[in-house]
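Written below as structure tokens is the structure these notes are about.
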Amino acid sequence: MSKTTENVMQSVRVGRTFFAYQVRACYRKRWETVQMNINSLTTLATCASLVLANFAAAQCQENWIATQAYGSFASTAGGITTTVWDSDGAGPLQPWIVVGGGTNIPGVPSNRVAAWDGVQWRALGTGFGSNVRVLHVHNGDLYAAGDFTTSPGVQYIARWNGTAWLPLGTNAQNGANNAIYAMTSYNGNLVVSGYFTQVGGTVAANRVAQWNGSTWSAIGTGTAAGVEALAVLGTDLYAGGVFTSLTGGAPALRVARWNGSTWSAVGDGFSSQVQALHVHNNELYAGGSFTASGVTPANYIARWTGSAWQQVGPGFNSTVNTLGTYNGNLIAGGSFGNSGGTPIARIAQFVSGAWSTLGAGVNGAVSDTVVAPNNELVLVGTFSDAGGLECSGLARYNGIGYVGFGNALSNGVNALTLFNGDFVAGGRFRSNGTVALNRVGRLVNAQWQPMGAGFGRAVNTLIVFNNQLFAGGDFFVGDGLSTANYTAVWNGSSWQPLPSIGNSVSTFAVYNNTLYAGGSFTGSLATWNGTTWTPLSTSLRPNGTPSALTVFNNQLIVAGSFTSVGSPAIANTHYLAGFNGSTWTSFGLNNANTNSGMTALHVHNGQLYVGGNFATIGGVPATRIARWTGSAFAPLGGGLNSAPAAMTTYNSELVVGGGFTQADGSVGASGIARWNGAQWRPLGGGVSGDIFGTPQGLALLVAPDGVLRVGGNFTIAGNVPSSAFAAWTAGGGQINITQQPASQVVCPLQDFLLTVETAGTGTFTYLWRKDGQPLRDGRGIQGSTAAQLSINDAGPLDAGTYDVVVFNDCGPLLSSPATIIYDANCAAVCNSIDFNNNGVFPEDADVIDFFNVLAGGSCP
């Protein structure tokens with residue numbers, strides 16, 4: 001059987017596979033993210049030290065375990081340009097989405113340019129030191145241009161060679177002498193435009209030039225001022241920008257045409273800047289900040305009829321930055337908010353003579369768009385919300401709604417707990433990069449999932465009480481989303497409102513089998529009796545807001561900003577007091593001996609630890625953290641340079657999270673540190689990345705798997721991507737591979753299995769790879785993250801080297817490789833379910849074909 005015939009036969013077996021081998025393989029070569037996974041090239045580097053043997057083993061070392069990388073730009077001002085580039089040409093890998101702008105992708109050392117490979121963001125070399133304004137693929141190569149200059153040679157433009165950005169040419173001043181804003185391909189050459197007057201170090205070129213692969217040249221005499229847009233229609237090159245004349249003085253109002261020999265004006269041009277040119281259905285369209293072409297109204301968008309510029313529909317009320325084609329329709333993106341009085345949320349499609357918003361639109365300007373291989377429209381710009389999805393200048397429209405990139409929380413985490421075996425996080429985040437979460441979500445099979453409709457404002461605290469999950473925060477009915485005022489309980493499918501407590505809740509605790517809430521509501525402390533909240537009476541309540549609660553020595557310990565409790569006030573209860581349900585106990589703190597409030601509490605090794613903004617507590621110098629000895633407070637070394645927000649016990653040490661950067665005066669501890677009773681130590685490189693605010697650990701949770709989970713404001717933990725949710729292991733466990741996957745020979749259409757057996761501590765997860773590329777379930781593959789990998793309908797592209805990365809709480813271990821050899825000449829294996837492989841079963845034909853094969857016939 002020929003390869004072509006075999007591929008055709010397999011393609012039409014729609015009951016078993018949807019595409020030909022080439023398509024299926026493309027889908028297979030994608031990353032599958034798991035809870036403790038390798039989801040970045042940075043983390044992949046750790047695999048270089050993994051042991052490979054017939055009986056493989058690894059001893060855990062303490063480290064940060066990668067969770068999920070943030071899926072948007074570091075700021076809403078980040079996105080300027082995007083394109084699609086096929087990294088392996090005619091190879092099986094799916095094309096990458098490449099984005100550029102004025103910032104980076106957090107957790108990836110991208111420096112203004114990065115690529116999405118289908119599952120994760122990748123850095124492209126060291127990137128650039130200033131804005132990337134345009135990306136373009138020419139003759140299969142990826143080019144970037146903008147405001148950057150990098151010596152030697154890379155001046156405003158560079159070509160990616162797979163490992164580094166290279167200059168265009170060998171001259172030390174190659175590139176241009178000023179910014180480049182646009183690129184296109186024309187007559188086999190790369191054409192660039194911008195504000196330059198020279199290219200290649202010596203070639204005069206007025207704002208438009210071309211590169212033939214080895215040398216630069218001008219395109220005619222060019223224009224008298226900047227060119228920010230290019231397009232090709234037929235044999236002509238069009239340029240748009242801020243110019244009002246051609247070089248030499250001939251009028252050309254912001255748009256010009258090159259016919260192969262001369263530049264000329266295009267009709268009456270425009271009243272203001274042209275920022276976008278695009279060919280749609282063989283017609284030229286222009287967008288920008290103009291409102292007229294000559295005396296003809298042209299509100300920010302126009303079509304060239306061949307003799308004049310004509311407004312497209314009613315146009316818009318503000319600037320058009322980009323134009324494109326999506327699903328056969330003309331699309332426009334910009335800063336506009338309506339078209340002819342119809343609200344349009346900055347991204348629009350022109351259908352049946354009218355403009356309409358694409359989905360629910362976005363809340364900030366759109367700078368550029370590109371259509372991805374799966375027919376999703378990628379948008380970059382200055383928006384922070386796309387159709388209700390929290391993002392940062394980067395989103396995708398899939399024809400139904402907007403989705404982001406990755407599976408990471410989109411903003412800070414304030415609270416963590418475990419409920420029914422799942423991690424639950426609450427905070428300020430609104431999405432997981434793909435679906436809306438709205439400030440609360442649970443981690444199920446390594447994916448953050450929504451919990452009902454969530455909340456309209458921040459969740460500050462979570463607690464499990466009487467097998468129920470309670471949430472407290474700033475949310476209230478009327479915030480646009482919440483159905484509860486400040487507290488709610490999860491009923492398994494939605495958040496059930498509790499009677500209003502009156503104002504924001506900052507902390508929960510259980511004392512004497514009673515749930516307490518602390519916050520800024522009247523009474524400051526309240527108890528839950530199963531049906532309602534009851535604030536403490538006037539004679540008992542603190543006079544300020546509690547920020548932390550814990551139980552110590554059979555008392556509820558309350559810390560916060562209050563300066564007294566009870567009425568009349570009980571002496572020496574500044575910021576900290578103990579409550580037994582009816583009376584308060586003093587810790588001897590007053591205005592004279594304690595200079596600021598408390599922010600965190602924890603009982604460690606049987607002693608009470610307090611954190612706050614104080615420099616003195618009970619008359620004892622202690623910088624922001626102290627220990628109660630039973631009669632007085634004692635400092636913890638040199639303390640911290642900012643107040644703690646959370647504390648817990650992990651691996652017999654006190655772990656503290658907060659906005660600090662140093663412990664003990666000199667120990668670098670970014671957002672998290674540990675105290676062993678004698679000295680402060682960091683947890684690896686700590687947490688970093690400030691797009692959610694000051695990097696800090698705000699929530700700490702020790703899980704049954706022995707791993708410390710950290711929630712807070714950060715995008716990196718140590719040196720691995722961890723967006724607002726991180727995992728630290730103390731090490732000491734073990735992981736073994738007791739049976740390696742076995743090599744085998746497979747026949748056409750045969751199903752085959754690869755299996756690994758493991759032993760060790762904790763819970764195991766798996767990541768199967770082929771030829772070094774992680775696999776993903778679908779298109780004939782099952783078990784890509786299980787101990788047994790199953791591949792159906794073997795074909796030529798299934799041949800190769802397979803291995804599996806095994807994870808537990810101490811990190812990854814790589815198996816020995818297994819080789820799959822595809823033998824096209826061996827007998828095909830019959831399908832035991834749909835015997836004749838026609839996609840219909842059961843049927844009489846299956847039985848007939850079965851007996852035919854049993855009698856010596858061949859598989860149908």
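The values are calculated or read from the model by the stated rules, or taken from the named source; none is laboratory data. What you are looking at is a predicted structure, and each value in this text was computed from that prediction instead of being measured. FYI the Cβ positions are ideal-geometry reconstructions off the backbone, even for glycines, and counts take in every protein chain you see. For accessibility, only protein heavy atoms count, side chains too; no ligands or nucleic acids. Shrake-Rupley method; radii C 1.70, N 1.55, O 1.52, S 1.80 Å.
Out of everything in the range 765-787 that is more than 25 Å from the chain's Cα centre (by Cα) and open to solvent by 50 Å² or more (accessible area, probe 1.4 Å), what residue ends up being farthest from Leu708 (Cα to Cα)?
For the range 765-787, the residue satisfying everything is Arg779.
Just to confirm my filter: which strands (runs of 3 or more DSSP E) fall fully inside the range 741-816 and include at least 3 residues that are closer than 26 Å to Gly118 by Cβ and at pLDDT below 90?
Result: 765-770, 800-808, 811-814.
How about the range 624-633: which of its residues are open to solvent by 20 Å² or more (accessible area, probe 1.4 Å) and either among the β-branched types (Val, Ile, Thr) or assigned to a strand (DSSP E or B) (or both)?
Of everything in the range 624-633, those that are open to solvent by 20 Å² or more (accessible area, probe 1.4 Å) and either among the β-branched types (Val, Ile, Thr) or assigned to a strand (DSSP E or B) (or both) turn out to be Arg627, Trp628, Thr629.
Considering Gly226, Gly222, Gly213, which residue is open to solvent by 50 Å² or more (accessible area, probe 1.4 Å), over 20 Å from Thr296 (Cα atoms), touching a residue at least 12 places away in the same chain (Cβ under 8 Å) and of a type outside the set (Val, Ile, Thr)?
Criteria check complete, one pass: Gly213.
Find the strands (runs of 3 or more DSSP E) located wholly in the range 247-306 whose residues include 3 or more that are surrounded by fewer than 24 Cβ atoms within 10 Å (Cβ to Cβ) and not aromatic (Phe, Trp, Tyr), and list them.
Because the criterion is at least 3 residues that are surrounded by fewer than 24 Cβ atoms within 10 Å (Cβ to Cβ) and not aromatic (Phe, Trp, Tyr), the strands (runs of 3 or more DSSP E) in the range 247-306 that meet it are 274-280.
Conditions: (1) out of contact with any Gly (no Cβ under 8 Å at 6 or more places or on another chain); (2) closer than 21 Å to Gly194 by Cα; (3) among the hydroxyl-bearing types (Ser, Thr, Tyr). Thr126 meets all but one. Number of the miss?
All conditions pass for Thr126, except number (2).
Inspect all residues belonging to the range 635-656 and state whether any of them is surrounded by fewer than 24 Cβ atoms within 10 Å (Cβ to Cβ), touching a Ser or Thr at 6+ places or on another chain (Cβ under 9 Å) and closer than 28 Å to Ser72 by Cα.
No: the range 635-656 contains no residue that is surrounded by fewer than 24 Cβ atoms within 10 Å (Cβ to Cβ), touching a Ser or Thr at 6+ places or on another chain (Cβ under 9 Å) and closer than 28 Å to Ser72 by Cα.
Residue under question is Val667, and the condition is that it be closer than 30 Å to Ile105 by Cα, open to solvent by 20 Å² or more (accessible area, probe 1.4 Å) and not small (Gly, Ala, Ser); does it hold?
When the stated conditions are applied, Val667 passes them.
Of Ser537, Ser482, which residue is more than 19 Å from Leu416 (Cα to Cα), under 29 Å from the mean Cα position of the chain (by Cα) and at pLDDT below 95?
On inspection, the qualifying residue turns out to be Ser482.
Any chance the range 132-152 includes a residue that's open to solvent by less than 40 Å² (accessible area, probe 1.4 Å), assigned to a loop (DSSP other than H, G, I, E, B), at negative phi and free of Cβ contacts under 8 Å to residues at least 24 places away in the same chain?
Scanning the range 132-152, I find no residue that is open to solvent by less than 40 Å² (accessible area, probe 1.4 Å), assigned to a loop (DSSP other than H, G, I, E, B), at negative phi and free of Cβ contacts under 8 Å to residues at least 24 places away in the same chain, so the answer is no.
Consider the range 634-647. How many of its residues are farther than 19 Å from Gln679 by Cβ and assigned to a strand (DSSP E or B)?
Matching residues across the range 634-647 total 2.
Quick check on the range 94-114: of everything there that is in a loop (DSSP other than H, G, I, E, B) and over 15 Å from the mean Cα position of the chain (by Cα), which residue is farthest from Arg133 (Cα to Cα)?
Only one residue tops the list, namely Gln94.
Considering only residues that are in a loop (DSSP other than H, G, I, E, B), polar (S, T, N, Q) and within 18 Å of Asn613 (Cα to Cα), look in the range 573-598 and name the one that is least open to solvent (accessible area, probe 1.4 Å).
Residues of the range 573-598 that are in a loop (DSSP other than H, G, I, E, B), as a first pass: 574-575, 580-583, 587-588, 590-597.
From the residues that got through so far, the ones that are polar (S, T, N, Q) too are 580, 582-583, 590-591, 593-596.
So of that shortlist, the ones also within 18 Å of Asn613 (Cα to Cα) come out as 590-591, 593-596.
Numbers: Asn590: 41, Asn591: 119, Asn593: 30, Thr594: 2, Asn595: 92, Ser596: 30 Å².
Looking at the filtered set, the residue picked out is Thr594.
Could you list, in sequence order, all residues of the range 155-186 that are closer than 19 Å to Ala218 by Cβ and small (Gly, Ala, Ser)?
Gly169, Gly175, Ala176, Ala179, Ala182, Ser185
Do we find that Gly706 is over 22 Å from Gln607 (Cα atoms), open to solvent by 10 Å² or more (accessible area, probe 1.4 Å) and under 24 Å from the mean Cα position of the chain (by Cα) in this structure?
No: the conditions fail for Gly706.
Considering only the range 153-193, state which residues are on the phi > 0 side of the Ramachandran plot and either touching a helix residue (DSSP H, G or I) at 6+ places or on another chain (Cβ under 6 Å) or open to solvent by 50 Å² or more (accessible area, probe 1.4 Å) (or both).
Asn187, Gly188
Within 16 Å of the chain's Cα centre (by Cα) and at pLDDT below 95: does that describe Asn411?
Yes, satisfied.
What number of residues within the range 343-362 satisfy the criterion of being of a type in the set (A, V, I, L, M) and assigned to a strand (DSSP E or B)? If you could, list the steps in order and put the result at the bottom.
Taking the range 343-362 as the starting set, the residues that turn out to be of a type in the set (A, V, I, L, M) are 344-345, 347-348, 351, 354, 358, 360, 362.
From what's left, assigned to a strand (DSSP E or B): 347-348, 351, 354, 362.
Counting residues in the range 343-362 that are of a type in the set (A, V, I, L, M) and assigned to a strand (DSSP E or B) gives 5.
May I ask you to verify whether Leu698 is aliphatic (A, V, I, L, M), over 30 Å from Val804 (Cβ atoms), assigned to a strand (DSSP E or B) and modelled with pLDDT of 90 or more?
Details: aliphatic (A, V, I, L, M): yes; over 30 Å from Val804 (Cβ atoms): yes; assigned to a strand (DSSP E or B): yes; modelled with pLDDT of 90 or more: yes.
For Leu698, the condition - aliphatic (A, V, I, L, M), over 30 Å from Val804 (Cβ atoms), assigned to a strand (DSSP E or B) and modelled with pLDDT of 90 or more - is met.
Let me spell it out: the conditions are (1) surrounded by fewer than 24 Cβ atoms within 10 Å (Cβ to Cβ); (2) in contact with a strand residue (DSSP E or B) (Cβ under 9 Å, 6 or more places away or on another chain), and Ala90 meets all of them except one. Which number is the exception?
The one condition Ala90 does not meet is (2).
Run Leu608 past the list (1) in a strand (DSSP E or B); (2) closer than 15 Å to Gly518 by Cβ and report the number of the one that doesn't hold.
(2)
Please determine whether any residue of the range 755-766 is more than 18 Å from Leu93 (Cα to Cα) and among the aliphatic types (A, V, I, L, M).
Checking the range 755-766: at least one residue is more than 18 Å from Leu93 (Cα to Cα) and among the aliphatic types (A, V, I, L, M).
Do any residues in the range 233-260 that are under 23 Å from Tyr300 (Cβ atoms) and touching a residue at least 60 places away in the same chain (Cβ under 8 Å) have Cβ atoms under 8 Å from those of residues that are of a type in the set (Phe, Trp, Tyr) and surrounded by fewer than 21 Cβ atoms within 10 Å (Cβ to Cβ), where the two are at least six apart or on different chains, and which pairs are they?
Nothing qualifies.
Within the range 818-832, can you find the residues that are in contact with a Ser or Thr (Cβ under 6 Å, 6 or more places away or on another chain) and either small (Gly, Ala, Ser) or at pLDDT below 90 (or both)?
Residue satisfying the conditions is Ala818 alone.
Please specify each residue of the range 330-342 satisfying the condition of being β-branched (Val, Ile, Thr) and either over 19 Å from Gly393 (Cβ atoms) or not in a strand (DSSP E or B) (or both).
Hit for the range 330-342 is Thr342, nothing else.
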